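Chemist: I am attaching a structure below and will ask some questions about it afterwards.
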Amino acid sequence: MNKLSPAGLRTACVAAAVLCALVLLPGCSKTEPPQFRLNLQGRNPDDFIFASGDNEETRASKEQNKASLDTISTVMYAFFGEPNDPYVLAETGLDARKIQMAAGPTGGDPSKHQRGLYRQHCAHCHGISGDGAGPTSAFLNPYPRDYRQGQFKFKSTERPAKPTTDDLIRVLKDGIAGTAMPSFLLLPDDEVEALVEYVKYLSIRGQVEQSLTITLLDDGNPLDMNPSAIIAEHVAPIVETWNTAESAIIDPPDRPPIDTPELHAESIAKGAELFRGQKAQCMKCHGPTGLGDGGDEQLFDDWNKVKKFADLAKQIAAAEDITDRAERRTQLKQLYDRLEIEKRSWLLPPQQLQPRNLRLGVYRFGRRPADLFRRIYAGVNGTPMPQGGANASNPSGLTSEEIWHLVDYVASLPYDKVSEPGVGRGHLAGIGQWHE
Amino acid sequence: MSHVSYRIAFLTAALVACLTVNAGAQQWGNLKGKFVYEGTPPKPAKLNITKDPEVCGKHDLVDEALLVGPNGGLKNAVVYVRSSKTLKVNPEYDKDKAAEIVLDNKNCRFEPHVLPIQLTQTLVIKNSDPNISHNSNVSPLGDAATNPLIPAAGEAKHSFKRAQTIPQPVSCNIHPWMKGYVVPRDNPYTAVSAADGTFEIKNLPVGKVDFQAWQEKSGYLDTKAWPKGRFTYDIKPGDNDLGTIKLPASLFNK
């Protein structure tokens, strides 16, 4: 029998690109169910809006931009569906049953199946589209994660790798200490798993969209509308990164023994020296005593460093000093115009990133020695905190032994008196906790 | 001449003829030009060396975002071929396909300041500064990010998987004044202008080729002739000269 499968239907839909887009573009339907927001982050909105002053060339370029958006919406709808009616593309390897459970409006559907978990628990922070810009987000520091770049900070895997399923489950169950990300320990396991699957769905969806936007809007290349070509070029490589996460788990090697107070103190002392030394350079950001006050320059993570506000502010300050009045006026006007565009291009203003205050003993992804080892070895992905440990592509990095000393030192800091930085008896206070 | 050797001679001749014809089918040309900044360039600002001054403080480091030579020559402007799916690449470039391309942390700056690289090549980030570690933070759009800590005399490797339309910033967060750019591309046709503003891209396929021009301070070199920094040039066999490309100061008030 040759029944038209959903996939076949979608294929037909992709082929009929323009027609489909007309019917399905957000804002066209009567009842307005929630829609995924197009990712236009960092783009000048004026590039997509016709204005009366447009000359022929600008008009043509805007028309092309809008056509590109139509194409993107069409492909995104065909491949991923919409928030109330997600489509699970077989090639993503995602579990459709779990996605159904997490997607949709809060509450059950008529058949009493659990639905809408994501909107109930996560969307007000992470946004319907997983863009990290839900209604609560603007009030939080750090902002909720925008999953669409496929970058995660807190995981047990090598720096460039995705988190494992267990990592995501752990983030949900433990929450992220020191941030607004709550713990969902009380949810049943199957609901946590459904939510984790949905985070992956939103993340894959976001990365595919990003890939399409780069091709169409930045490179200005046409898209081969054959679905298998789109899957091969824009979906499969992303899915692959999720499939290989398990094989990228960092396995901390055995640590040098610290089973006597003397050995432990010695390790801490070595760690302290490394921390302040010019090989590990920890002090340059975390400060000589680990208070997180070592940097005098603003740091940003990858989600925020692309926003040019700080650059523009610096340039505005410099332009204020121009002595020629007319020149100063023109430059300032140009700069303020650009700042205005920049503000309209982002959902949330930039947020600075503080190197962690290591004296608080609050860690965002675990306090166990193995957790701290991984953190120092791989750094924090998507942030200035570098990959410290040696590996095949950076053989001269910190050795495992050095990392273990740093782990011991960092773990001792919350028990050390700031007034006695360095090696003092304060370090030993931590020993009981260490051997827990 | 025996029958057999006659045949061989004939075949060889045919082969040679055939090769010449093939070589003739695709012709190549070079494109050169010179970027000139129009107006009085601002003096590059001295950088404030706040970290590791005993190593980094002795180099008179300046902000390299806009470097203009004595006759207005603009350094570090980048010219590259835009769309490249059907682009023909001269076999001369084959030997560099898998080359290691070095970005050095040297004298507490990135050397070179702007570095083109092809996706088939490997980026080797070195640290030639004595005693101190650097980190090199790159997060190219839609591609894996990297940020290794590189101790003195060390080197870290990285490969890019996606060609970029815009040069991507590299920074060292330990020494926050350090900034450079990498230009990952899927073809070898990228040139960075020298201190006198000149650049040349060699062995381009003859015919219409789309180019993109960019500079750190201006972004795309967006002029009347080159909207969004894009231009098309009909490459002729041999040398092609764009001449002097004058860039008004207002382009760089950014």
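Yes or no, residue by residue, for (1) closer than 22 Å to B:PRO176 by Cα; (2) among the polar types (S, T, N, Q):
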| site | (1), (2) |
| --- | --- |
| B:HIS59 | yes, no |
| B:ASP63 | yes, no |
| B:GLY72 | no, no |
| B:ASN90 | no, yes |
| B:LYS95 | no, no |
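Chemist: Only residues that are assigned to a helix (DSSP H, G or I) and open to solvent by less than 50 Å² (accessible area, probe 1.4 Å): list them for region A:331-372, please.
Modeler: Step one: list which residues in region A:331-372 are assigned to a helix (DSSP H, G or I), which gives A:331-345, A:369-372.
Answer for region A:331-372, where residues must be assigned to a helix (DSSP H, G or I) and open to solvent by less than 50 Å² (accessible area, probe 1.4 Å): A:GLN331, A:LEU332, A:LEU335, A:LEU339, A:GLU342, A:SER345, A:PRO369, A:ALA370, A:ASP371, A:LEU372.
Chemist: Kindly provide the set of residues from region B:36-51 that are over 23 Å from B:ASN71 (Cβ atoms) and open to solvent by less than 60 Å² (accessible area, probe 1.4 Å), ordered by number.
Modeler: Across region B:36-51, the qualifying residues are B:LEU47, B:ILE49, B:THR50, B:LYS51.
Chemist: Turning to a different aspect of this structure: Is it the case that some residue within region A:172-192 is assigned to a loop (DSSP other than H, G, I, E, B), touching a Phe, Trp or Tyr at 6+ places or on another chain (Cβ under 6 Å) and either over 18 Å from A:ILE238 (Cβ atoms) or among the polar types (S, T, N, Q) (or both)? Write out each step before concluding.
Modeler: From region A:172-192, those assigned to a loop (DSSP other than H, G, I, E, B) are A:175-188; that's our starting set.
Still in the running and touching a Phe, Trp or Tyr at 6+ places or on another chain (Cβ under 6 Å): none.
No: zero hits.
Chemist: Now for a separate question. For region B:169-192, which residues satisfy the criterion of being touching a residue at least 40 places away in the same chain (Cβ under 8 Å) and either at the interface with another protein chain (Cβ under 9 Å from one of its Cβ atoms) or touching a Ser or Thr at 6+ places or on another chain (Cβ under 7 Å) (or both)?
Modeler: B:VAL170, B:CYS172, B:ILE174, B:HIS175, B:PRO176, B:TRP177, B:MET178, B:LYS179, B:VAL183, B:ASP186, B:ASN187
Chemist: Would you mind finding the one in A:ALA248, A:ALA269 that is closer than 30 Å to B:THR50 by Cβ and either surrounded by 15 or more Cβ atoms within 10 Å (Cβ to Cβ) or not basic (Lys, Arg) (or both)? Lay out the reasoning, then the answer.
Modeler: On the way: A:ALA248 fails: closer than 30 Å to B:THR50 by Cβ.
The conditions single out A:ALA269.
Chemist: Could you list, in sequence order, the residues of region B:52-61 that are open to solvent by less than 60 Å² (accessible area, probe 1.4 Å) and outside any loop (DSSP other than H, G, I, E, B)?
Modeler: B:VAL55, B:CYS56
Chemist: State all residues of region B:156-168 that are at the interface with chain A (Cβ under 7 Å from one of its Cβ atoms) and part of a strand (DSSP E or B); if no residue qualifies, say none.
Modeler: If the condition is that a residue be at the interface with chain A (Cβ under 7 Å from one of its Cβ atoms) and part of a strand (DSSP E or B), then B:ALA156, B:LYS157, B:HIS158 are the ones that fit.
Chemist: Could you please find all residues in region A:47-72 being surrounded by 12 or more Cβ atoms within 10 Å (Cβ to Cβ) and hydroxyl-bearing (Ser, Thr, Tyr)?
Modeler: The answer is A:THR58, A:SER61, A:SER68, A:THR71.
Chemist: Check B:GLU64 against each of (1) in a loop (DSSP other than H, G, I, E, B); (2) more than 27 Å from B:LEU242 (Cβ to Cβ); (3) modelled with pLDDT of 95 or more and name the one condition it does not meet.
Modeler: Condition (2) is where B:GLU64 drops out.
Chemist: Restricting attention to region B:94-101, does a residue exist that is closer than 18 Å to B:TYR181 by Cα and assigned to a loop (DSSP other than H, G, I, E, B)? Let's see the steps before the verdict.
Modeler: Looking only at region B:94-101, we keep the residues that are closer than 18 Å to B:TYR181 by Cα, and these are B:100-101.
If we keep only those that are assigned to a loop (DSSP other than H, G, I, E, B) as well, we get none.
Scanning region B:94-101 turns up no residue that is closer than 18 Å to B:TYR181 by Cα and assigned to a loop (DSSP other than H, G, I, E, B).
This table checks each residue for (1) buried (at least 20 other Cβ atoms within 10 Å of the Cβ); (2) closer than 30 Å to A:ALA177 by Cβ.
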| residue | (1), (2) |
| --- | --- |
| A:PHE79 | yes, no |
| A:PRO86 | yes, no |
| A:GLU91 | no, no |
| A:ALA96 | no, no |
| A:HIS121 | no, yes |
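Chemist: Among residues belonging to region A:328-385 that are of a type in the set (Gly, Ala, Ser) and closer than 19 Å to A:ALA411 by Cα, point out the one that is nearest to the other protein chains (Cβ to nearest Cβ).
Modeler: Among those that are of a type in the set (Gly, Ala, Ser) and closer than 19 Å to A:ALA411 by Cα, it is A:GLY379.
Chemist: Check region A:174-192 and report whether any residue there is among the acidic types (Asp, Glu), away from chain B (no Cβ under 11 Å) and crowded, with 18+ Cβ neighbours inside 10 Å.
Modeler: Checked region A:174-192: at least one residue is among the acidic types (Asp, Glu), away from chain B (no Cβ under 11 Å) and crowded, with 18+ Cβ neighbours inside 10 Å.
Chemist: Return yes when B:ARG230 is farther than 21 Å from A:ASP311 by Cα, open to solvent by 30 Å² or more (accessible area, probe 1.4 Å), under 17 Å from the mean Cα position of the chain (by Cα) and within 14 Å of chain A (Cβ to nearest Cβ) and no when it is not.
Modeler: Yes; evaluated as a whole, the condition is true for this residue.
Chemist: Please pick out the residue among B:ALA152, B:ALA225, B:ALA145 that is under 27 Å from A:ARG338 (Cβ atoms), at the interface with chain A (Cβ under 8 Å from one of its Cβ atoms) and either touching an Asp or Glu at 6+ places or on another chain (Cβ under 8 Å) or open to solvent by 10 Å² or more (accessible area, probe 1.4 Å) (or both).
Modeler: B:ALA145
Chemist: Could I ask something else about it? For region A:374-419, give me the residue count where each residue is over 22 Å from B:ILE132 (Cα atoms), open to solvent by less than 10 Å² (accessible area, probe 1.4 Å) and not aliphatic (A, V, I, L, M). It would help to see each step written out before you state the result.
Modeler: Filtering region A:374-419 for residues over 22 Å from B:ILE132 (Cα atoms) gives A:374, A:381-382, A:408, A:411-419.
When the remaining residues are screened for being open to solvent by less than 10 Å² (accessible area, probe 1.4 Å), the result is A:381-382, A:408, A:412-413.
If we keep only those that are not aliphatic (A, V, I, L, M) as well, we get A:381-382, A:408, A:412.
The number of residues fulfilling the criteria is 4.
Chemist: Could you say which residue among A:GLU233, A:GLU240 is under 22 Å from A:ARG159 (Cα atoms), assigned by TED's automatic domain parsing to the domain that holds A:PHE154 and acidic (Asp, Glu)?
Modeler: Going through A:GLU233, A:GLU240 in turn, just one is under 22 Å from A:ARG159 (Cα atoms), assigned by TED's automatic domain parsing to the domain that holds A:PHE154 and acidic (Asp, Glu): A:GLU240.
Chemist: Go through A:LEU312, A:LEU332, A:LEU358 for me and flag whichever is of a type in the set (A, V, I, L, M, F, W, C), in contact with a helix residue (DSSP H, G or I) (Cβ under 6 Å, 6 or more places away or on another chain) and without any contact (Cβ under 8 Å) to a residue 24 or more places away in the chain.
Modeler: Sole residue among the options that is of a type in the set (A, V, I, L, M, F, W, C), in contact with a helix residue (DSSP H, G or I) (Cβ under 6 Å, 6 or more places away or on another chain) and without any contact (Cβ under 8 Å) to a residue 24 or more places away in the chain: A:LEU332.
Chemist: Further, regarding this structure: Mind checking whether some residue in region A:214-230 is hydrophobic (A, V, I, L, M, F, W, C), more than 30 Å from B:ARG230 (Cα to Cα), more than 12 Å from every other protein chain (Cβ to nearest Cβ) and in a helix (DSSP H, G or I)?
Modeler: Checked region A:214-230: no residue is hydrophobic (A, V, I, L, M, F, W, C), more than 30 Å from B:ARG230 (Cα to Cα), more than 12 Å from every other protein chain (Cβ to nearest Cβ) and in a helix (DSSP H, G or I).
Chemist: Within region A:250-294, track down each residue that is in contact with a strand residue (DSSP E or B) (Cβ under 9 Å, 6 or more places away or on another chain) and farther than 24 Å from A:LYS155 by Cα.
Modeler: Those that are in contact with a strand residue (DSSP E or B) (Cβ under 9 Å, 6 or more places away or on another chain) and farther than 24 Å from A:LYS155 by Cα: A:LEU274, A:LYS279.
Chemist: Does B:GLU200 qualify as being out of contact with any helix residue (DSSP H, G or I) (no Cβ under 7 Å at 6 or more places or on another chain), surrounded by fewer than 21 Cβ atoms within 10 Å (Cβ to Cβ) and touching a residue at least 40 places away in the same chain (Cβ under 8 Å)?
Modeler: Considered against the rule, which asks whether it is out of contact with any helix residue (DSSP H, G or I) (no Cβ under 7 Å at 6 or more places or on another chain), surrounded by fewer than 21 Cβ atoms within 10 Å (Cβ to Cβ) and touching a residue at least 40 places away in the same chain (Cβ under 8 Å), B:GLU200 comes out as yes.
Chemist: While we're on this one: Would it be correct to say that A:ALA280 is surrounded by fewer than 16 Cβ atoms within 10 Å (Cβ to Cβ) and within 14 Å of chain B (Cβ to nearest Cβ)?
Modeler: Spelling it out, it is not the case that A:ALA280 is surrounded by fewer than 16 Cβ atoms within 10 Å (Cβ to Cβ) and within 14 Å of chain B (Cβ to nearest Cβ).
Chemist: Sticking with this structure for a sec: Inside region A:197-215, can you point out the residues that are of a type in the set (A, V, I, L, M, F, W, C) and surrounded by fewer than 21 Cβ atoms within 10 Å (Cβ to Cβ)?
Modeler: Within region A:197-215, just A:ILE214 meets the criteria.
Chemist: Still on this structure: Looking for something closer than 18 Å to B:TYR93 by Cα and among the β-branched types (Val, Ile, Thr) - is there at least one such residue anywhere in region B:215-234?
Modeler: no
Chemist: Related question: Among the residues of region B:114-141, write down those that are facing chain A (nearest Cβ under 10 Å), surrounded by 20 or more Cβ atoms within 10 Å (Cβ to Cβ) and not in a strand (DSSP E or B).
Modeler: B:ASP129, B:ILE132, B:SER133, B:SER136, B:SER139
Chemist: Further, regarding this structure: Yes or no: A:ASP259 free of Cβ contacts under 8 Å to residues at least 40 places away in the same chain, over 30 Å from A:ARG148 (Cβ atoms) and either buried (at least 19 other Cβ atoms within 10 Å of the Cβ) or under 30 Å from the mean Cα position of the chain (by Cα) (or both)?
Modeler: no
The values are calculated or read from the model by the stated rules, or taken from the named source; none is laboratory data. These numbers were taken from a predicted model, which means no experiment stands behind them. Every residue, glycine among them, receives a Cβ derived from its backbone with ideal geometry; neighbour counts consider all protein chains shown. Quick note on the areas: whole protein, heavy atoms, side chains included, nothing else; ligands and nucleic acids left out. Shrake-Rupley method; radii C 1.70, N 1.55, O 1.52, S 1.80 Å.
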